[in-house]
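These notes are about the structure you will find just below.
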Amino acid sequence: MITNASLQAIEGQPGSFVARVHQEPRYIDEDKCTACGTCTMYCPRPVADFYNERLDVTRAPHIDYAQAIPASYYIDAKACLRVNYETCNLCAQTCTAQAIDFSQKPRDLELEVGAVVLAPGFGRVDNEVLARFGYGRYPDVVTSLEFERLTCASGPTEGHILRPSDQTRPRRIAFLQCVGSRDETCGNGFCSSVCCMYAVKEASVAKEHEPDLDISLFFMDVRTQGKGFDAARKRAQEKYGLRIIRARVPNVDQVDGRLLLTWVTDDGKSHTELFDMVVLSVGLSAPEDARAIAEASGIELNHYNFCKTTHDAPLATTRDGIYVAGAFQGPKDIPESVTQASGVAALASELLAETRGTRSVTVTYPEEDTSLLEEEPRVGVFVCHCGVNIAGVVDVKAVRDYAGTLPGVVLYEDTLYSCSQDALKSIAEKIKENRLNRVVIAACSPRTHEPLFQETLRSIGVNPALFEMANIRDQCAWVHSQEPEAATEKAKDLVRMAVAKARLLEPLAQPTVDVIPKAIVLGGGASGMTAALSIADQGYQTVLVERSDRLGGNLRDLKWTLDGRDAGKILKDLTDRVNSHTGVEVLLGTEFKGMSGYVGNFTSSLEKGGQTELVNHGVLVVATGGRPYLPKSYGYGKSKRVITQLELESRLSKGKNPLRNVRSIVMIQCVGSRGDDMSYCSRLCCSQAVKNALKIKEFKPDVRVYILYRDMRTYGFSEDLYREARKKGVIFLRYTPDRKPEVIRQTRGIKVRVYDRLIGDEIEVPASWVVLSVGIAPAENEETARLIKAPLTQDGFFLEAHAKLRPVEVAVDGVYLCGLAHGPKSLEESISQAKAAAAKATIPLAKGKVAVAPIVSRVDKSLCIGCGICENLCPFNAIRLVKEGKRRKAETITASCKGCGICASHCPALAISMGGFTDSEIMAQIHAFSQRECEERRES
Amino acid sequence: MKGDIVGFCCNYTANVPAEVLKEAGLVPETLRIRRLPCTGKLEVAAIMDALADGAEGVFVAGCRVDECHNLTGSQRASKRVAYAKEMLKELDLDPGRVEMIFVPRGEAGPIIQAAREMKTRIAGMDDAMTRALESEGAEQSK
């Protein structure tokens, strides 16, 4: 990881680039720094804390936030006295790890790389734009980023919401949306896509903290189009009583120390109210250095200075071999950014498939010394100071000496920083010298440091399972920082418990399972084909299974993409490539009938024309798609004049002829979506309607086009289309679900009755055609979900393993997800996601082996009564019943087991135990915990 | 109505209707805002007429001098307010009954402040108008 660096230039060709990078020094050695914070404490130079949005101060040496990676401090060179004036040097003197190094110089690096990924994120909205809303003039006007810090427990106010002007609690807060978005006057004509939802989130968090708060949110349109977002927004509105006002507030005034907002609602009424605090929901601008990045990397930008991409290749820049992910490609939220991040990995991997593994280094470990275990437990305890992090509160030496009194302990020492390279070396030597066969380290969290210490054990031939950690930093020094004596006693308790458990630890095997280097992709639509091609391009055999007799899926019905590309050509390119690729086997007219096995070793049955074929494969990608909702309302199916958007597209694809006798077209949004049959937002219908409206205006400008909508959700750059449509005279009328438009069939023609909010009365619009923007319904996902044992959402789409962190994986290992099967999305988003699923699916294929975590459940078959409770409860499908003779016995599929312990805790015969957490080990820990109390009682 | 105040605002200084401000309880009930295309249009006679029609205080809210939409409109208005003050003195009226204020564009805060200040100002006045109103009030109560 090269931090503090900027890209200077990229030279060469795809596959053999040279990236020139300039790196400024951190002045703190990342390898030596233990993130203890002493330097920050001693530094005399205060600087604004940028992580906390300058609401707080920190010192020249600091870390932005506790979880920052690398977990190392750095020195703000602009503020540091030593760097600028050669004075001070206090931090270097106080750093016990000797990590501070002022001899560091700026470096220019030349990196040989095959592919480049640009992910610089987004930039800020200009302060000048914020100043229009009183920001900078009135202290109680804050940005949403500042408010986020104010509501954060680790923020400057420890999570208490206080007005910056007088540090009092606000009673009324207003959120103003679209600040720096959907605003041509500031250059950001696009929609930032994420602000509506994050404002609802921030308002909810604030209400959780201060239930008496009165919160109003000012929207133009409520754009919560993400998966599950509409439901979450509705819940928040009901649970927290958020007041939603549809108006754009032009400016902010201050009266009597409070903030005065004036707005006009769409019924033409003017309103004025006072608030205590105003939060500006700032949008996502292009990165400030976008131009510099573009020049250095030789790519093109779009008219908003974001990276230029196309809808059929959303992750590719205009230069081959350079890819883009995240908000630099266009404003987007976390799940989409993470998805794109995986997607670009696939692109890079496709490009560099030939060279895979040529520069990787394989770590080898010495044979395990099994003779160690023949001896009695010989426990070594190392108590860590962590600089002052632990030793500042806990009496480390006392804990160390106490450890020496515990049974089985042959070595007890204290170390300054156990995790430093020197310390690890010395620990390894001491383990060898003393023939330790159990190691206890009393330090920080096993979550972060256990793998490091286990690695040390492995490197000297000790099984890593013979290791136990006591977390005396978090659980003693941190939480009891005001009570050093009690903290020390608690540290002793934890060490005693750890030692008691350690004495019973048994070595665990580190099994690996071979992976069948083949993937199955279910579904031959745009997503499925993209995923299959990507996996094949990365060098692995792929079977593309399509139920119907043609490839293409919903893409077949699409005529144009949102950026005006010919969808037919995209479809043809995809199908041609799929059909001609030697790595892709296409099975048309084939049904997926079932799957058994586990990651790396699946067997699926595929049925074609009554014949069932079994295919062994390592991974599965689900791209089974969705289908357009078939409306029952608005007279659909009863008149040729009432059609869907896709049917309109098909008519328009024949040119302007079909519009010959058409004088007026009415489009109705949210047919099926957001309430009727499907509770969710179908995400793309708004952009699709605007796209088609523009096509109509292009062919025949005098056709009157009306779009009846609830919220225009033309997020991202589609906002341009929305604006263009308004300029071209498309009429947008908002309706509410309690006053839906009515389609009235007359003897001649058809008309639509709708309530016009501005006039305050119903109007009737004659319509040559009525176009229904029908939503996207899930396909037959229930059946597929049952076969692969994957969960679905309430709406009937596949549920990802984690909405933000694992957006294309399913809870079942080795199964991945993309396209409409995951939820409604545009072609552009489907392609990004298909690439992401392909990248994830290739990981086990490329590794060739699946490492099985040693902490898995084990069944003692002599105790198992075959009741099957464990099989039913296992959320990962990782335990099954097998016949042994006449009896059924449970068996763990170790490759799938996550070590959650549900089976072990429910087994009525106590036949299941967890590696590293056996009943006897846990009982020993509990007994050790109560031991001291028992002794005390006995004495008294 | 007793305590009537008239505010002459231009298109750029009056972005909030007086009714809305009154509903929100931010300004005295007795405020009436008269909107002009530009305060430069305002004649001295109009100010005097407002007083003759029963207003006890008048303020004129023009653009800030450096950002007047019509360049010199608010400066003209300010001169006329000065004339009006002279005339009030001659009539044995408190010149404080007329005031010029300059308001940054689109801000309602200064208008609210001006209306409130005018209210307290006229309440503390002792001139021909207060006396006349008192005797009128006394007659009515008889």
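The values are calculated or read from the model by the stated rules, or taken from the named source; none is laboratory data. Predicted model, so just to flag it, every value in this text is computed and none were measured. Reconstructed Cβ throughout: ideal geometry from the backbone, glycine too, with neighbour counts over all protein chains shown.
Structure above, values below:
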item: Residue within segment B:87-106 that is of a type in the set (A, V, I, L, M, F, W, C), within 14 Å of chain A (Cβ to nearest Cβ) and assigned to a loop (DSSP other than H, G, I, E, B) present; result: no
item: Residue tally, condition acidic (Asp, Glu), surrounded by fewer than 17 Cβ atoms within 10 Å (Cβ to Cβ) and in contact with a strand residue (DSSP E or B) (Cβ under 6 Å, 6 or more places away or on another chain), over segment A:63-111; result: 2
item: Residues within segment A:516-526 that are in a loop (DSSP other than H, G, I, E, B) and surrounded by fewer than 23 Cβ atoms within 10 Å (Cβ to Cβ), tallied; result: 2
item: Among residues of segment A:558-575, those that are at pLDDT 90 or above and under 18 Å from residue A:655 (Cβ atoms), counted; result: 8
item: Strands (runs of 3 or more DSSP E) contained in segment A:1-119 and holding at least 1 residues in contact with a Leu (Cβ under 8 Å, 6 or more places away or on another chain); result: A:5-13, A:16-23
item: Among (1) over 28 Å from residue A:717 (Cα atoms); (2) not in a loop (DSSP other than H, G, I, E, B), the one test that residue A:337 misses; result: (1)
item: Test result for residue A:247, touching a Phe, Trp or Tyr at 6+ places or on another chain (Cβ under 6 Å) and within 14 Å of chain B (Cβ to nearest Cβ); result: yes
item: Residue among A:315, A:301, A:274, A:280 that is of a type in the set (A, V, I, L, M, F, W, C), in contact with a Lys or Arg (Cβ under 8 Å, 6 or more places away or on another chain) and under 30 Å from residue B:25 (Cβ atoms); result: A:274
item: Members of segment A:609-627 that are crowded, with 19+ Cβ neighbours inside 10 Å and either among the β-branched types (Val, Ile, Thr) or in a strand (DSSP E or B) (or both); result: A:617, A:619, A:620, A:621, A:622, A:624, A:626
item: Criterion violated by residue B:6 - all others in (1) farther than 21 Å from residue B:121 by Cβ; (2) buried (at least 23 other Cβ atoms within 10 Å of the Cβ) satisfied; result: (1)
item: Qualifying residue in segment A:754-768 (condition: under 17 Å from residue A:642 (Cβ atoms), buried (at least 22 other Cβ atoms within 10 Å of the Cβ) and of a type in the set (S, T, N, Q)); result: no
item: Top-ranked residue of segment A:246-260 - restricted to ones that are over 15 Å from residue B:27 (Cβ atoms) and of a type in the set (A, V, I, L, M), ranked as surrounded by the fewest Cβ atoms within 10 Å (Cβ to Cβ); result: A:247
item: Test: residue A:261 is within 14 Å of another protein chain (Cβ to nearest Cβ) and touching a Phe, Trp or Tyr at 6+ places or on another chain (Cβ under 7 Å); result: yes
item: Filter pass, residue B:117 being farther than 21 Å from residue B:11 by Cα and within 14 Å of another protein chain (Cβ to nearest Cβ); result: yes
item: Unique residue being in contact with a Gly (Cβ under 8 Å, 6 or more places away or on another chain), in the same structural domain as residue A:196 (by TED's automatic domain parsing), of a type in the set (A, V, I, L, M) and modelled with pLDDT of 95 or more when the list is A:141, A:116; result: A:141
item: Some residue of segment B:39-47 being among the β-branched types (Val, Ile, Thr), within 14 Å of chain A (Cβ to nearest Cβ) and either farther than 17 Å from residue B:99 by Cβ or crowded, with 16+ Cβ neighbours inside 10 Å (or both); result: no
item: Enumeration of residues in segment A:893-914 that are polar (S, T, N, Q) and surrounded by fewer than 19 Cβ atoms within 10 Å (Cβ to Cβ); result: A:905
item: Residues located in segment A:30-55, provided they are surrounded by 15 or more Cβ atoms within 10 Å (Cβ to Cβ), within 22 Å of residue A:152 (Cα to Cα), of a type outside the set (Phe, Trp, Tyr) and touching a strand residue (DSSP E or B) at 6+ places or on another chain (Cβ under 9 Å); result: A:37, A:40, A:47, A:49, A:52, A:53, A:55
item: Residues located in segment B:10-38, provided they are away from chain A (no Cβ under 14 Å) and closer than 19 Å to residue B:69 by Cβ; result: B:10, B:11, B:34, B:36, B:37, B:38
item: Every residue from segment A:412-444 that is charged (D, E, K, R) and either outside any strand (DSSP E or B) or farther than 23 Å from residue A:389 by Cβ (or both); result: A:422, A:425, A:429, A:430, A:432, A:433, A:435, A:438
item: Of all residues making up segment A:264-287, the number that are crowded, with 20+ Cβ neighbours inside 10 Å and more than 10 Å from chain B (Cβ to nearest Cβ); result: 13
item: Segment A:128-160, residues that are out of contact with any helix residue (DSSP H, G or I) (no Cβ under 9 Å at 6 or more places or on another chain) and within 22 Å of residue B:109 (Cα to Cα); result: A:130, A:131, A:133, A:134, A:138, A:139, A:140
item: Among residues of segment A:877-903, those that are of a type in the set (A, V, I, L, M, F, W, C) and touching an Asp or Glu at 6+ places or on another chain (Cβ under 7 Å), counted; result: 4
item: Flag if residue A:380 is crowded, with 16+ Cβ neighbours inside 10 Å, in a loop (DSSP other than H, G, I, E, B) and not β-branched (Val, Ile, Thr); result: no
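Residue-by-condition table, conditions (1) without any contact (Cβ under 8 Å) to a residue 60 or more places away in the chain; (2) over 23 Å from residue A:684 (Cβ atoms):
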{"residue": "A:713", "(1), (2)": "no, no"}
{"residue": "A:716", "(1), (2)": "no, no"}
{"residue": "A:727", "(1), (2)": "yes, no"}
{"residue": "A:751", "(1), (2)": "yes, yes"}
{"residue": "A:755", "(1), (2)": "yes, yes"}
